[in-house]
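Any read-out appearing in this document is the output of simple, stated calculations on the displayed coordinates, not a laboratory observation. Because the structure is a prediction, the values reported are computed rather than measured. Ideal geometry is used to build each Cβ from the backbone, glycine not excepted, and the neighbour counts take in all protein chains shown.
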Amino acid sequence: MKNWLPYFFLLLPFTVCAQTDYQERLYLHTDRTTYVTGETIWFSAYLLDATTNRLSNLSRQFYVELISVDNKPVLQQTVALRGGRGAGSMQITDPLPTGRYQLRAYTNWMKNFAIRNFFTQEIIVLNPFVANKDSVSSSAPAIASNENTNKLTDFPLRLSTERLGRRQPLTISFDNMPAAASLAITRIDQLPSPKPVSINDVSSVSINDAGAIATQPAGSVINYLPEMEGPVLAGYLVDKTTGNRLKQQTAFLAAPGVHYSLTSSVSDENGKIFFNLPTVSQAKELVFHPVVSGNEQIGWEPQPVYVDNYNFPATASAPLIQDSTTEALEKERNLNSQLMSAFYPSAIDSTSFHPVIFGAPDNYYELDLYTRFPTMEEVIHEFIPEIRMRRADGNTRFNVKNSLFTEYFLNEPLILIDGVPVNNTNDVMGLDPTKIKSIAVYTRKMFLGPVVREGLIVLQTYKGDLNGFIVPKSDMVVQYAGIKPTALFAAPSYGSSAYQSARIPDRRSLLYWNGAVEHAAKEITLYSSDLPGTYQIRLEGISPSGAFIHVEKQIIVQ
C-alpha cells in the first residue's frame with residue numbers, strides 16, 4: 001500500500017470504485033472497565049496504520065459509542081485526532097441501568113470495512129438506583145481477571161514509593177519519555193470488572209490473519225472518505241418535489257459561528273455529495289445552501305454520521321451477579337463521584353482549533369470604532385469604499401473593488417453572515433447595523449472548491465448567532481453535534497501541610513488520569529486520596545523505538 005493512495009481519493013469523483021489495502025486500526029485505553037452512575041469514562045485514542053503499526057496521521061477525528069446489550073447506542077460523540085492521538089471522556093448518566101455495555105470506536109474510513117474491525121471494549125455500568133432485569137443476586141460477586149498475557153514490562157517506569165499514606169505524594173519517573181502513552185491509577189475493589197483490552201492485543205492482529213481484518217473487495221464502492229481535515233458529511237441532493245437525485249449540482253454547507261466553517265461541493269452522477277468541513281468544536285446547526293438562487297426544490301438527504309449496524313457479542317450478554325457487598329460498593333462509589341464533582345469539577349480544555357477559511361481579509365472594519373448609522377446602506381456608503389452599491393428594480397447589487405487593477409469587479413461577490421452564504425443583497429440591507437460587529441472585505445477572486453466569486457464580504461455578529469438574519473426557505477438547517485471539547489481530569493494537589501489537613505473530602509478512586517503522557521514532564525507527581533486500598537498503575541503506549549508498551553504496577557495507600 002502506498003501512503004498517497006487515500007489522498008488520491010479526494011482528487012477523484014466522490015463515489016469511487018477502487019481497490020485499496022490501506023486500513024486503520026483504532027485502540028482506546030480506558031481508565032478502567034467498570035463504572036458507577038455519575039462517574040466518567042476517560043479514554044485515550046491511538047490511531048494506527050494497520051500495515052506498519054505506526055501512528056497514522058490520516059484521519060483527524062473518530063467516533064465513539066456506548067452500546068447497550070439490546071444493540072442501542074446510549075452515548076455517542078465525535079473526538080478530534082492529531083497525529084494519530086486523541087483523548088476524551090463520557091459521563092455515565094443517571095438513566096443508564098445496570099448492565100453490560102460495549103464501548104465501540106472507529107473512524108470514517110473504517111466504515112468501508114467490516115464492523116468487526118472496529119475497536120470494542122466490554123464495559124460494565126452499575127446503577128445502584130436502576131437495576132437491570134439481567135442482573136441477579138448471589139452470595140459472592142463474579143470478578144473477571146485483569147491478567148493480560150501480552151505485557152511489555154521492560155519500559156522503565158520508576159515509583160518513588162510503593163506504600164504511602166493518605167494525601168501523600170507519589171512521583172512517577174521515566175528514563176525515556178514514551179512517544180505516545182496514557183496513564184491511569186485506579187483503586188482495586190470487589191466489583192465485577194471485564195478484562196481491559198491492551199494496545200498489544202490490537203497491534204498483534206495481523207492484517208493478513210483470516211477473519212481478523214476484512215479488506216475492501218475489488219470494484220466495491222468507497223462510500224466513506226478519510227477525514228483528513230475535518231468531518232466529511234455525505235448525502236444526496238434531491239429534488240424535493242419529485243424525489244429524484246440531482247447530479248452536477250453545487251451547494252454550500254456552513255457551520256455558523258464566530259469561528260465559522262464553510263465548504264462547497266458538487267454532486268456526482270448518482271446525486272451523492274460530500275462536504276468536507278474544517279473541524280467544528282462544538283454542537284452546531286449546519287446550514288445547507290444550494291448555489292442556484294431562489295431554487296427551493298433542491299434538498300439534502302444527509303447520511304448518518306454513526307454506523308447504525310450493531311453486533312453486540314453474545315458472550316458479553318451473561319447476567320451480572322451481585323450481592324449485598326457489591327451493592328454497598330456501588331452506592332459508595334456513586335456518593336464519592338458526587339462529592340468529587342461538587343468539590344473538584346472538571347475544567348474544559350480552552351485550546352481549540354479554529355480553521356482559517358479564506359485567510360486574512362484585505363480590509364477589516366470594526367464598526368464600534370466608527371459613528372453608528374441607523375441603516376446598512378449608510379454604513380457601507382460612508383465607511384467601506386471597497387464596496388459599490390447599485391440599485392435597479394428595487395434590488396441592491398454589490399460589487400467589490402479589484403485590488404490588482406483598482407477597478408470594480410463586474411460580477412457580484414460572495415456574501416457571508418457568520419459564515420452563511422447570502423444570495424439576496426436586500427437581506428443584508430435590511431439588517432440592523434447595531435447587531436453587526438464587523439465587516440471584512442476581500443478584494444480579489446475567491447476560490448472555495450468549485451465555487452469562484454469576484455470578491456468576498458463577511459459580516460460578523462457579536463455572538464456568531466445570525467442575530468437578526470432569517471435563513472431563507474431555499475436553505476435547510478441541519479442539527480449536527482460537532483467535536484466535543486476535551487475535559488481535563490481534576491485532582492487536588494497537597495503541596496503543604498495546610499492542604500493535607502483541609503477538611504474538603506477527597507474520595508477519588510481514580511487517583512490519576514493522563515491521556516497524553518508524552519506531553520508531560522519526565523517526573524509526574526500526584527497525591528493519594530482519603531481512600532485506603534490497593535491501586536493499580538496501568539501505562540499503555542508506544543516507546544520511542546516504536547514498540548508497544550503495556551506496564552502494570554501496584555501501590556498501597558494506608
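Counting alpha carbon pairs within less than 8 Å and at least 6 residues apart, what relative contact order, in whole percent, applies to the chain?
On the way: 1295 pairs, mean separation 117.3, N = 558.
It comes to 21 percent, rounded to a whole number.
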Going from the alpha-carbon gyration tensor of region 235-291, what semi-axes, largest first and in whole Å, does one get by taking the root of 5 times each eigenvalue?
-> 24, 11, 9
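Considering only DSSP beta bridges where both residues belong to region 363-458, give the percentage that are antiparallel (nearest 5). Mind showing how you got there, number by number?
On the way: 22 of 25 bridges.
Roughly 90 percent of the DSSP beta bridges within region 363-458 come out antiparallel.
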Two-site FRET efficiency, Arg397 against Asn223, from Cβ-Cβ distance with R₀ of 51 Å, rounded to 0.05 = 0.75
Do you know the relative contact order of region 363-458, to the nearest whole percent, from alpha carbon pairs under 8 angstrom that are 6+ apart?
-> 34
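So what's the net charge close to Ala234: Lys and Arg +1, Asp and Glu -1, counting the other residues with Cβ under 12 Å from its Cβ?
Numbers: positive: Lys111, Lys272; negative: Glu227, Asp268, Glu301.
Once positives and negatives cancel, what remains is -1.
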Taking the highest mean first, how do the peptides 373-380, 37-44 order by number of other beta carbon atoms within 10 angstrom per residue?
-> 37-44, 373-380
Taking the Cα centre of each part, how many Å lie between region 418-458 and region 151-199?
-> 54
With everything on Cα atoms, drop me the angle between helix 324-343 and the longest principal axis of the chain, reported from 0 to 90° to the nearest 10.
-> 50
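With Cβ to Cβ distances under 13 Å as the rule, what net charge do the other residues near Gln248 carry (K, R +1; D, E -1)? Show your work: numbers first, answer last.
Details: positive: Arg245, Lys247, Lys272; negative: Asp268, Glu269.
Overall, the nearby charge balance is +1.
Using helices alone, I'd like the mean residue ellipticity at 222 nm for the chain: each DSSP H run of four-plus residues gives -39500 (n - 2.57), total over residue count, nearest 500.
-2000 deg cm²/dmol
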Proxy reagent accessibility, fewest Cβ within 10 Å first, across Tyr494, Tyr35 | Tyr494, Tyr35
Reduced to Cα centres, the span from region 493-558 to region 339-383 in Å works out to 39
Here the net charge surrounding Asn402, from other residues whose Cβ is less than 14 Å away from its Cβ (Lys, Arg +1; Asp, Glu -1), is 0
Give me the log10 of I(q) over I(0) for the chain at q = 0.10 Å⁻¹, as the Debye formula computes it from C-alpha points; what are the numbers?
-> -0.94
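Please report, in cubic angstrom per residue, the volume enclosed by the convex hull of the alpha-carbon atoms of region 363-458.
Working: hull volume 9.8 nm³, N = 96.
Spelled out: Cα convex hull of region 363-458, divided by residues, is 102 Å³.
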Evaluate the Debye formula for region 483-539 with equal point scatterers sitting on the alpha carbons, no solvent, and hand back log10 of I(q)/I(0) at q = 0.26 Å⁻¹, in q order, two decimals.
-> -1.26
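Under the 0.36 nm per residue contour assumption, what length would be gained going from the current alpha-carbon distance of Val292 and Arg158 to full extension? Please report the intermediate quantities before stating the final value.
Details: separation 134, 0.36 × 134 = 48.24 nm, distance 6.49 nm.
Length gained between Val292 and Arg158: 41.8 nm.
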Arrange the following residues from fewest to most other Cβ atoms within 10 Å of their Cβ: Val280, Val477, Val291.
-> Val477, Val291, Val280
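In what sequence do Leu96, Leu488 fall when counting other Cβ within 10 Å, fewest first? Don't jump to the answer; show the numbers that get you there.
On the way: Leu96 19, Leu488 14.
Ordered by Cβ neighbours within 10 Å, fewest first: Leu488, Leu96.
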